[in-house]
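Asker: The structure that follows is given in the form of C-alpha cells.
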Amino acid sequence: MSNGVYIVANDRVFDQAIALLSSLRVHSPDIPVIMLPFDDNHERVWSTCRDQFNVQRYPNLDFLEQLTQDIADIFPRDFLRLPNKMRKLGCWFGPLDKFVYIDTDILLFQPIESSLKYLEDADFFCCDFQQKGRGLAEVFNPTVREQQLFSEADLEDVFNSGFWGGRQNTFLYKEMLDILKDCAAHREYFDFSTGTTDQPIINYLVLKTAERRVNITRANPEEPGNWGGSPHFEQKGHALYDGDRCLRYLHWAGTPIQPGGPYWDIWEYYRFLNVQEPLSNISESRDSTSSKSVRGILSKLLNYAKG
C-alpha cells in the first residue's frame with residue numbers, strides 16, 4: 001500500500017466521521033482510508049465507515065494497545081489525561097508509505113491528493129496559520145524559546161495537529177518512546193492551558209525528527225484559510241471559498257458543530273449525503289429549518305397525499 005488517509009474515531013464521533021468521509025469521497029473516491037480505533041467503543045462507526053466509504057481498520061490492533069500502554073506508562077495521569085488521544089502516533093507505523101492524518105471535525109473541499117503531493121519532497125507537512133495566529137500558544141511555553149531548544153526557524157513550523165501528513169517510519173519506535181520520555185521529564189515545555197492533549201507532544205516529536213518539513217500556507221502564499229471560527233467564508237455549491245479560492249479543508253477546531261453554529265448547513269449536507277441515520281451525538285434544535293428537517297416534512301406530506 002502506498003498513499004492514503006488515516007483517521008482516529010470511535011462511536012462518540014460517529015456524526016463527524018461520516019461527514020468527513022462523505023466530503024473525502026466526493027473528491028477522492030478511491031484513495032485508501034484507514035481508521036485507528038480510539039478505543040473499544042468503535043464498532044458502530046467502524047461498520048458504517050467500512051460499508052459506506054470502503055474504510056479499512058488499522059491492521060495491528062495489538063500494536064495500538066501496546067502504544068497506548070507505553071504512553072500511559074511514560075506520562076503521569078495529571079500530565080497526559082487521555083493516552084488514547086496519542087493513538088494518532090500509530091500513523092507512522094501503519095501500512096501507508098505516505099499519509100495524511102485528518103481529525104473528524106473537518107470537511108474537505110479538494111482532492112486529498114493535492115495535499116499528499118507535498119510529501120514528494122518532504123517528510124512532513126502541515127497546512128495552517130498557527131504561527132501567524134496563535135503562535136506558540138497551545139503548543140509550547142516560553143521556556144522552549146528561552147532555553148533555545150529549537151531554532152527560531154523551527155518554531156515557525158509549529159502546527160495544529162488536526163490535519164498533517166507524513167511518511168511511514170520517519171523514526172523508530174524506540175526513538176519515539178525516548179523522545180516521549182524526554183517530554184514527560186519536562187512538562188514545563190508545553191502549553192496545556194486550554195486543554196490540548198496531543199498537539200504539544202506531536203509538535204515536539206516532529207520538530208525533533210522530521211528534518212524536511214513544509215507548511216503549505218507558507219509554500220503557497222495564495223492558500224486560503226481553513227478555521228471554522230473564521231466568519232468570512234462563502235458557500236458556493238457544496239464548497240466554501242475564501243474570496244475566489246476554494247478551501248482545501250475546514251477545521252472547526254474548538255468551534256462547536258451544532259445547529260446555528262458556523263457553517264452548519266454545509267456540514268449537515270455532508271453528514272446526510274450518504275448516511276441517513278439520525279444524528280447521534282449532535283442535537284438539532286426543535287425549530288430547525290435545515291435541509292434535513294425540510295426533507296422530512298416534505299416526505300410526510302407526500303405520504304399523506306398518497307394515502
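The values are calculated or read from the model by the stated rules, or taken from the named source; none is laboratory data. Here the structure is a predicted model, which means the values were calculated and not measured. Neighbour counts run over all protein chains shown; Cβ positions are idealised from the backbone, glycine included.
Asker: When region 145-155 is examined, which residues are found to be part of a loop (DSSP other than H, G, I, E, B) and hydrophobic (A, V, I, L, M, F, W, C)?
Answerer: Matches in region 145-155: 149, 150.
Asker: With the condition kept exactly as written, say whether any residue in region 278-287 is surrounded by 15 or more Cβ atoms within 10 Å (Cβ to Cβ), modelled with pLDDT of 95 or more and assigned to a helix (DSSP H, G or I).
Answerer: No: region 278-287 contains no residue that is surrounded by 15 or more Cβ atoms within 10 Å (Cβ to Cβ), modelled with pLDDT of 95 or more and assigned to a helix (DSSP H, G or I).
Asker: Shifting gears a bit: Testing residue 211 on (1) in contact (Cβ under 8 Å) with a residue 60 or more places away in the chain; (2) of a type in the set (D, E, K, R); (3) not in a loop (DSSP other than H, G, I, E, B), one condition comes back false. Which one is that?
Answerer: Checking residue 211 against (1) in contact (Cβ under 8 Å) with a residue 60 or more places away in the chain; (2) of a type in the set (D, E, K, R); (3) not in a loop (DSSP other than H, G, I, E, B), the one that fails is (3).
Asker: What do you reckon, is residue 195 crowded, with 21+ Cβ neighbours inside 10 Å and of a type in the set (Gly, Ala, Ser)?
Answerer: So residue 195 fails the test.
Asker: Go through the residues of region 181-192 one by one and say whether even a single one is buried (at least 18 other Cβ atoms within 10 Å of the Cβ), touching a strand residue (DSSP E or B) at 6+ places or on another chain (Cβ under 7 Å), part of a loop (DSSP other than H, G, I, E, B) and not basic (Lys, Arg).
Answerer: yes
Asker: Inspect region 111-130 for any residue being polar (S, T, N, Q), under 30 Å from residue 264 (Cβ atoms), over 19 Å from the mean Cα position of the chain (by Cα) and surrounded by 14 or more Cβ atoms within 10 Å (Cβ to Cβ) and give the result as yes or no.
Answerer: no
Asker: Between a first residue in region 17-35 that is of a type in the set (Asp, Glu) and a second residue that is at pLDDT 95 or above and assigned to a loop (DSSP other than H, G, I, E, B), which pairs have beta carbons less than 9 Å apart while being 6 or more apart in sequence or on different chains?
Answerer: Note: pairs meeting the criteria are 30/54.
Asker: For residues that are surrounded by fewer than 22 Cβ atoms within 10 Å (Cβ to Cβ) and among the hydroxyl-bearing types (Ser, Thr, Tyr), scanning just region 150-176, find the one that is nearest to residue 219 (Cα to Cα).
Answerer: The extreme case among them is 151.
Asker: Inspect region 156-166 for any residue being free of Cβ contacts under 8 Å to residues at least 24 places away in the same chain and either hydrophobic (A, V, I, L, M, F, W, C) or not in a loop (DSSP other than H, G, I, E, B) (or both) and give the result as yes or no.
Answerer: No: zero hits.
Asker: Taking the condition of being at pLDDT below 95 and of a type in the set (Asp, Glu), how many residues in region 223-256 meet it?
Answerer: So the answer is 0.
Asker: Return the residue satisfying two criteria in turn: it lies in region 1-58 and is of a type in the set (Ser, Thr, Tyr) and either loosely packed, with under 14 Cβ neighbours inside 10 Å or touching a His at 6+ places or on another chain (Cβ under 9 Å) (or both), and of such residues it is nearest to residue 83 (Cα to Cα).
Answerer: Filtering first and then ranking leaves 47.
Table: residues versus (1) in a loop (DSSP other than H, G, I, E, B); (2) under 15 Å from residue 92 (Cα atoms); (3) of a type in the set (Phe, Trp, Tyr).
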{"site": "24", "(1), (2), (3)": "no, no, no"}
{"site": "35", "(1), (2), (3)": "no, yes, no"}
{"site": "39", "(1), (2), (3)": "yes, no, no"}
{"site": "45", "(1), (2), (3)": "no, no, no"}
{"site": "52", "(1), (2), (3)": "no, no, no"}
{"site": "56", "(1), (2), (3)": "no, no, no"}
{"site": "67", "(1), (2), (3)": "no, yes, no"}
{"site": "72", "(1), (2), (3)": "no, no, no"}
{"site": "79", "(1), (2), (3)": "yes, no, yes"}
